[in-house]
Amino acid sequence: MAAPLTVVLIVAVTVRACLFRSSLADLIAERVEVVSPLNAWKRVVEGLALLDLGVSPYSGDVFHETPLIIYLFHFLVDYAEITFMVSSLSSHIVLYCLLLSLIVTSCCLFVDRYLLNPFTVLSCVAKSTCGLNNAIVALFILSTIKKNALLSAIFLALSTYQSIYPVTLCAPAVLYLLQRQYIPVNVRWASFWWFLLQYAFMYLGSLFVIICLSFFLLGSWDYLPSVYGFILSVPDLTPNIGLFWYFFAEMFEHFRLFFLCVFQINVFFYTIPLSIKLKEHPVFLIFMQLAVISIFKSYPTVGDIALYMSFLPVWSHLHRFLRNIFLVSCVLLACSALFPVLWHLWIYSGSANSNFYYAITLLFNVAQILLVSDYFYAFLRREHHLTYGLYLKRKDGSEATLVLK
Amino acid sequence: MAARRNIPVGLLFILCSLTFLIATNTHETTSTSEHPDKAVNLPEKSTETGGQTTEQPAVEERQWEPTEFQEETVNDAAAEKQDATPPETTTTSAGAHPKDDFQEELVIRPLQSGDVYASFQFRTLWETDFMKGNKVSHYRLFPKSLGQVISKFSVRELHISFTQGYWRTMQWGQPFMPSPPGAELWVWFQDSVTDVDGTWKELTNVLSGIFCASLNFIDSTNTVQPSASFKPLGIGNVTDHRFLRYATLPREIVCTENLTPWKKLLPCGSKAGLAVLMKSEKLFHSSFHSQAVHIRPVCQDSECTTTSWELRQTLNVVFDLHTSGQGKREWSLFKMFSRTLTEACPLASSSKIYIDITDNPQGEQFELTPATHLLSQAVVLGDRRTFSVYDLTEANTFGSMRSLNLLIRWKSSEGDMLRPLLHAERYVAGYGLQTGEIHTLMYNYHPFRSFPILLLDSVPWYLRLYIHTLTVTSKGKDNKPSYIHYQPSKDRVRPHLLEMLVQLPPNSVTEVTVQFERALLKWTEYTPDPNHGFYVGSSVISALVPSMVAMDTNNTKERPLFSSFFPCKEESSYFVRIYTEPLLVNLPTPDFSMPYNVICLTCTVVAVGYGSLYNLLTRSFQIEEPNPRLAKRIANVIRRLRGVPPLA
């Protein structure tokens, strides 16, 4: 198993190094699909420049990274490319370990899904800090699967600190850890509550420590509205691949708050029903949560999509139950190609307008929703087949078809 | 109506009655006070200012003095106390008596390009105190509307300008009063003001009403607090820029409705004096038009024992006679303004016309009629200029026709203009609607002296500046600014403010570039013509430019108004403020016609996501029990009706 890993690593590093050195890097770093106002490298550099000028980076509306990121790059700004490459590779290795621990079958074909995924490569070359968030999430998943509750809580707190939304991942983490400790999810069991309390304490404690640390680094709470307020209230309508930008650019002013709440709740809303439905399968729940976050978050980039897509090889056993994977992959590929084309038509040549780009983001999101729901369907169907057998028969002995009722 | 009357000097009784008429008339137009006789104190100042007024006929002067002084004191006493007992109060109220003075001036500078630059300046000086809860209710020459604004909003300095067109420095040289295209307003508040932003908001709304301008569009998104570029021009040493507000509206259109209220602030209105020349149909048919109001406290004397408020109203206009004329290069007052001058404003202590003849010492370039032998030299903008002076307070200026129509006839178009030492221009580089780069070029044409300049840029929030991309280069080398004050923007709250101190090397071009990103706005935030683009106000460059000749540092000395606006601290340099072009930047626009469609479509996609997940979450898999086909079902219904057993 080590040989393919090494090969993939070498190839991945070569690809990234070549792109970093080529003129494409600047082009990629400007792409709205790859970087968002939240994680653009240009804005990190701007934040550092503001810090050098003696201006608080949060006094303006350009910089929205967390204080820890700015202090990280305060020291690493000259080694940014290496940092992003390392974060990209580390998340790959983590995911690789994950795959090994999850599926025993050899799946060499799929291990390079994350590392050679063009979305990941683009995100890494653009030096989007999304790569760092992905690495943290990957570490969180690994520590959860390695049954280390403390590390899991710390990494979860870190990723929550970076971009709020991963807070929904606490449900699968708790479910997984409970499952591994053979504690039933039952409200009448004291040990269940005891574990829940422990995990909550570790999670909230580390979150508290991180937030206070950021406060002491900058000496002010300015970063809270500038980072989390920015994520939740979506003031920056720069086009991206998500659903928010055009919707809120065209929104009637008096409905803005209402729809903002509806759209933001949408991300957190699925946690409880999904956890109930998938309480036996926390790893799939993690996948579902990541997908929901990346579809419905306020400033999504292709880096977020790459993260949940890297899980797809784990569910290779579901492929026979997928209904429209061909259509969906075609749409996703076509959309990925059309994004730059329609962007060029709108922004540069002026021969199209914003609706063109918007239409593509809509289609792209529909395709993502179909992909996720298809995998969910396949997963549920497989569970059914595991219980009732693969070839179902009707009462009269003829071949039966399975429907959702 | 008063302007049409001529005062015969010899006839004493006619003079008395007529001037009384004029005075009461002006009192009505300026609407100063309730006491009609209060306004009859006009030439009181003339004895103190000496200079020009002593040249007036002695009969007239002596005629005015005694009657006038008495009336004045009576009024003051009446204003202070309600009982009118002159003998007791005369001595006490004489000290607190508000002394005011009005001067008017027109400078005409024939430009090398064939254009003519005319600059009007009107100055009202008033020795009073608006501050410290002092309720000023007695207004004479100073407009009451502005006086009330000053005292209500605790304004220490107020500068407002409305400009149509762009001043072409390289063709026309430096203007006497620089101003950016559109409207500009900057105000220093007294340090007693606690809520500066609130006061500023109210003030802009009030000024908007006074000047009939869209100053009410000044809000926090276009207001900045420059830290170094705008220092108080009057006295006072408070330089805490918390009390300074600066805003420009580069899109503001200036027209007649702004000129009319501006003219009404003059003591004589547009009925007498130089202001009769201001006919809007001519003033706005020009290449450049700028009108301004400057209010500041100034020293009365060199020791600064007494301070007074100065209201300076200026109007600068450049007539493009060469292209619009009939091929002849000649102009006259009548051709420019469609009026001639018949008298000075009776309330003015000095009323003069200066014609710049520096380039024309022997009359080889143009011919000036009627000729005058009164010459004046003034050091203005680092250069010693010679002017022909026409004193309108002297009757013989108007000649036998009793009207003055200055005429300049060009003889040759040769000769070159003195190139200004400092020049700046600005443009947006880049293509597409995503990013861009602002380039500011600053030219120092001085052959051997370098000098520092202060550059101020106020960029709206929707062009997101990236300060780390700021480069300053001169002569191909990096020129690091010695001072940078940068305030990043906040979306929908405040603009970017960039101020820096740059040393311009001699005979060089310094280029400042900074990249920006264009934001997509909410559809309601666009202007009604979004594809026209968005204006970015001019950069302001303030500099102490090395002077060719020694500057006059005595600020209190009697000088022509056009050379005395910016205080001069040292002899070797003079202060210049220049404005670059405003920028017009396109932003990406959403489709304004389909908010409903967008809301529906996006909600549909969210609903698809919700629906498919809901479907999978709430339902479970079951074996499908086959439904009979539709035809069979219909047939069974019919069979049941017929009472026949249904099909299997």
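Details
- Residues satisfying the stated conditions in segment A:262-281, i.e. more than 18 Å from A:Asp236 (Cβ to Cβ) and either more than 9 Å from every other protein chain (Cβ to nearest Cβ) or surrounded by 18 or more Cβ atoms within 10 Å (Cβ to Cβ) (or both): A:Ile265, A:Phe268, A:Tyr270, A:Thr271, A:Ile272, A:Leu274, A:Ser275, A:Lys277, A:Leu278, A:Lys279, A:Glu280, A:His281
- Test for B:Phe516: is it within 14 Å of chain A (Cβ to nearest Cβ), crowded, with 19+ Cβ neighbours inside 10 Å and in contact (Cβ under 8 Å) with a residue 60 or more places away in the chain: yes
- Those strands (runs of 3 or more DSSP E) of segment B:558-645 in which at least 1 residues are surrounded by fewer than 16 Cβ atoms within 10 Å (Cβ to Cβ) and more than 7 Å from chain A (Cβ to nearest Cβ), considering only elements entirely within it, cover B:583-585.
- Restricting attention to segment A:357-405 and to residues that are within 8 Å of chain B (Cβ to nearest Cβ) and among the small types (Gly, Ala, Ser), the residue that is surrounded by the fewest Cβ atoms within 10 Å (Cβ to Cβ) turns out to be A:Ala400.
- Exclusive hit being of a type in the set (Ser, Thr, Tyr), under 20 Å from the mean Cα position of the chain (by Cα) and outside the structural domain of A:Val94 (by the TED database), set A:Ser310, A:Ser351, A:Ser329, A:Ser398: A:Ser329
- Every residue from segment A:11-37 that is within 30 Å of A:Tyr246 (Cβ to Cβ) and either free of Cβ contacts under 8 Å to residues at least 40 places away in the same chain or within 14 Å of chain B (Cβ to nearest Cβ) (or both): A:Asp26, A:Leu27, A:Ile28, A:Ala29, A:Glu30, A:Arg31, A:Val32, A:Glu33, A:Val34, A:Val35, A:Ser36, A:Pro37
- Of the candidates A:Ser351, A:Ser294, A:Ser298, the single residue that is out of contact with any Gly (no Cβ under 8 Å at 6 or more places or on another chain), under 29 Å from A:Ile141 (Cβ atoms) and more than 10 Å from chain B (Cβ to nearest Cβ) is A:Ser294.
- Flag for A:Ser354 being loosely packed, with under 14 Cβ neighbours inside 10 Å and either hydroxyl-bearing (Ser, Thr, Tyr) or under 22 Å from A:Pro37 (Cβ atoms) (or both): no
- Residues within segment B:461-492 that are more than 16 Å from B:Thr513 (Cα to Cα) and more than 12 Å from chain A (Cβ to nearest Cβ), tallied: 1
- Under the condition of being in contact with a helix residue (DSSP H, G or I) (Cβ under 9 Å, 6 or more places away or on another chain), in a loop (DSSP other than H, G, I, E, B) and of a type in the set (Gly, Ala, Ser), the residues counted in segment A:374-405 number 0.
- All strands (runs of 3 or more DSSP E) inside segment B:367-418 with 1 or more residues being of a type in the set (Gly, Ala, Ser) and in the same structural domain as B:Phe337 (by the TED database): B:375-380, B:383-391
Listed here are the residues, each with its yes/no results for (1) part of a helix (DSSP H, G or I); (2) within 17 Å of A:Ala291 (Cα to Cα); (3) modelled with pLDDT of 95 or more.
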{"position": "A:Leu139", "(1), (2), (3)": "yes, no, no"}
{"position": "A:Leu142", "(1), (2), (3)": "yes, no, no"}
{"position": "A:Lys147", "(1), (2), (3)": "no, no, no"}
{"position": "A:Ala153", "(1), (2), (3)": "yes, no, yes"}
{"position": "A:Leu156", "(1), (2), (3)": "yes, yes, yes"}
{"position": "A:Gln162", "(1), (2), (3)": "yes, no, no"}
{"position": "A:Leu177", "(1), (2), (3)": "yes, no, no"}
{"position": "A:Pro184", "(1), (2), (3)": "no, no, no"}
{"position": "A:Val187", "(1), (2), (3)": "no, no, no"}
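- Residue match in segment A:225-248 (condition: of a type in the set (Asp, Glu), over 21 Å from the mean Cα position of the chain (by Cα) and surrounded by fewer than 24 Cβ atoms within 10 Å (Cβ to Cβ)): no
- For segment B:434-460, taking the residues that are in a loop (DSSP other than H, G, I, E, B) and within 14 Å of another protein chain (Cβ to nearest Cβ), the one that is nearest to A:Val32 (Cα to Cα) is identified as B:Gln434.
- Residue match in segment A:224-243 (condition: of a type in the set (Ser, Thr, Tyr), farther than 30 Å from B:Thr589 by Cα and out of contact with any Phe, Trp or Tyr (no Cβ under 8 Å at 6 or more places or on another chain)): no
- Positions within segment B:432-485 being in contact (Cβ under 8 Å) with a residue 60 or more places away in the chain and basic (Lys, Arg), in sequence order: B:Arg449
- Residue check: B:Met500 meets all listed conditions (1) in contact with a helix residue (DSSP H, G or I) (Cβ under 9 Å, 6 or more places away or on another chain); (2) closer than 23 Å to B:Arg449 by Cβ; (3) within 14 Å of chain A (Cβ to nearest Cβ) but one, namely (1).
The values are calculated or read from the model by the stated rules, or taken from the named source; none is laboratory data. Because the structure is predicted, anything quoted here is derived from the model rather than measured. No Cβ is skipped: glycine too gets one built from the backbone with ideal geometry, and neighbour counts run over all protein chains shown.
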